[in-house]
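A.B. asks: I'd like to ask you about the structure that follows.
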Amino acid sequence: MHGVQELIVPLTDGTLSVPYVDVTGASPGPHLTVIAGIHGTEYTSIAAVREFARGLDPAWICGRITAVPVVNLPAFWERSPFVVPLDGKNLNRSFPGDPAGTAAEVLAHHVTESFIRPSDYLLDLHAGDLPEALEPFALYDESPVEEESRRLAHAYGLGHVVRQARAGRTVGGSTSAVAADLGIPSITAEAGQNGILDRASIDRHLTGLAGVIRLLGIDRRPADSAVPTIAPAEHDGWVWLRTSTAGWWEPAVAVGTDLDTGDLLGTVTGLLGEDRVEIRAPEPGVPLFITSSPAVTADGLLMGLARARG
Ligand SMILES: [Zn+2]
């Protein structure tokens with residue numbers, strides 16, 4: 001296996017060694033960084049980067065590829081969804097990080113400086129987390145380099161592409177947002193759900209990675225065959241729907257469904273089925289992820305409803 005290295009991250013209680021692979025090709029080209037495991041239980045994305053990293057070879061690479069399968073190692077080992085268990089913070093809301101902050105902020109700082117800033121392009125792979133159903137999509141942020149980011153999103157080949165405007169950033173402090181601020185074309189690519197390690201979702205990520213390295217000219221190997229690409233549905237950000245009351249959440253729709261204003265999205269009831277609250281679509285959209293766990297706390301997230309791009 002080529003180019004195995006470790007990023008050493010000093011934390012208050014010892015250090016974290018994040019393994020990665022860094023391979024420079026025989027001929028020149030751009031530097032692409034591929035990361036996963038920002039959320040440590042999104043296994044399809046982690047599996048895809050593991051397989052991708054093992055296949056890297058200077059013989060065919062034009063440029064340089066850095067591949068990091070699991071960034072948030074504490075969450076991976078603890079099987080903790082969403083957060084870094086050492087401080088309970090969401091790593092993907094902690095970028096660009098702070099070397100003097102808590103664990104998530106220190107880790108974000110080292111990832112920003114060692115992996116994101118030196119790159120020409122960044123791909124951050126995710127999936128629906130343990131309690132999340134998800135329709136595959138790629139997200140990019142508004143920035144001076146957003147057309148290049150959009151090209152990456154299309155090359156990844158998932159059915160939905162979401163543009164996140166700077167003003168309406170619902171996901172602040174993410175890897176793709178900090179990359180956008182640094183002028184580095186970047187996407188967040190999501191496929192897989194509920195912590196299930198399914199082959200089809202791993203393959204969707206691997207197909208996406210193959211599409212991007214071909215687009216960027218990093219992979220000059222002859223293609224097996226021309227894969228017909230279907231234009232994705234494009235969206236302008238999304239509405240994050242939350243419940244005002246805690247209770248038992250039961251979705252009435254599936255991810256990826258086209259919905260109109262007023263459509264019933266699901267219900268929240270008490271633990272004995274009392275106090276039924278209907279949740280309806282505030283505007284037309286497509287739910288790209290839905291909380292699949294019935295347990296929701298007050299202000300808990302129910303789904304992300306992507307808005308059609310007008
Ligand atoms: Zn994630």
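The values are calculated or read from the model by the stated rules, or taken from the named source; none is laboratory data. These numbers were taken from a predicted model, which means no experiment stands behind them. Cβ coordinates were reconstructed from backbone atoms using ideal geometry, including for glycine residues, and neighbour counts include every protein chain displayed.
A.B. asks: When VAL4 is evaluated against the numbered criteria (1) among the β-branched types (Val, Ile, Thr); (2) in contact with a strand residue (DSSP E or B) (Cβ under 8 Å, 6 or more places away or on another chain); (3) within 16 Å of the ligand (Cβ to nearest atom), which criterion, by number, is the only one it fails?
C.D. replies: Against the list (1) among the β-branched types (Val, Ile, Thr); (2) in contact with a strand residue (DSSP E or B) (Cβ under 8 Å, 6 or more places away or on another chain); (3) within 16 Å of the ligand (Cβ to nearest atom), VAL4 comes up short only on (3).
A.B. asks: Would you point out the residue of the range 230-267, among those that are assigned to a loop (DSSP other than H, G, I, E, B) and small (Gly, Ala, Ser), that is surrounded by the fewest Cβ atoms within 10 Å (Cβ to Cβ)?
C.D. replies: It comes out as ALA231.
A.B. asks: Kindly indicate which of SER119, SER114 is within 19 Å of ALA179 (Cβ to Cβ) and surrounded by 20 or more Cβ atoms within 10 Å (Cβ to Cβ).
C.D. replies: SER119
A.B. asks: Of the residues that sit in the range 7-36 and are within 16 Å of the ligand (Cβ to nearest atom) and of a type in the set (Val, Ile, Thr), which one is surrounded by the most Cβ atoms within 10 Å (Cβ to Cβ)?
C.D. replies: VAL34
A.B. asks: Then there's this: Residues in the range 205-218: is at least one under 25 Å from ALA133 (Cα atoms), within 16 Å of the ligand (Cβ to nearest atom), modelled with pLDDT of 95 or more and in contact with a Gly (Cβ under 6 Å, 6 or more places away or on another chain)?
C.D. replies: The answer is yes; a qualifying residue exists.
A.B. asks: Related question: From ALA191, ALA177, grab the single residue that is within 24 Å of the chain's Cα centre (by Cα), within 16 Å of the ligand (Cβ to nearest atom) and modelled with pLDDT of 95 or more.
C.D. replies: ALA191
A.B. asks: I would also like to ask the following. Only one of (1) away from the ligand (no atom under 15 Å from the Cβ); (2) touching a residue at least 40 places away in the same chain (Cβ under 8 Å); (3) farther than 17 Å from SER17 by Cβ fails for HIS39. Which number is that?
C.D. replies: Status for HIS39: all satisfied but (1).
A.B. asks: Still on this structure: Taking the range 117-147, which residues are of a type in the set (A, V, I, L, M, F, W, C) and either within 16 Å of the ligand (Cβ to nearest atom) or on the phi > 0 side of the Ramachandran plot (or both)?
C.D. replies: Scanning the range 117-147 gives LEU122, LEU123, LEU125, ALA127, LEU130, ALA133, LEU134, PHE137, ALA138, LEU139.
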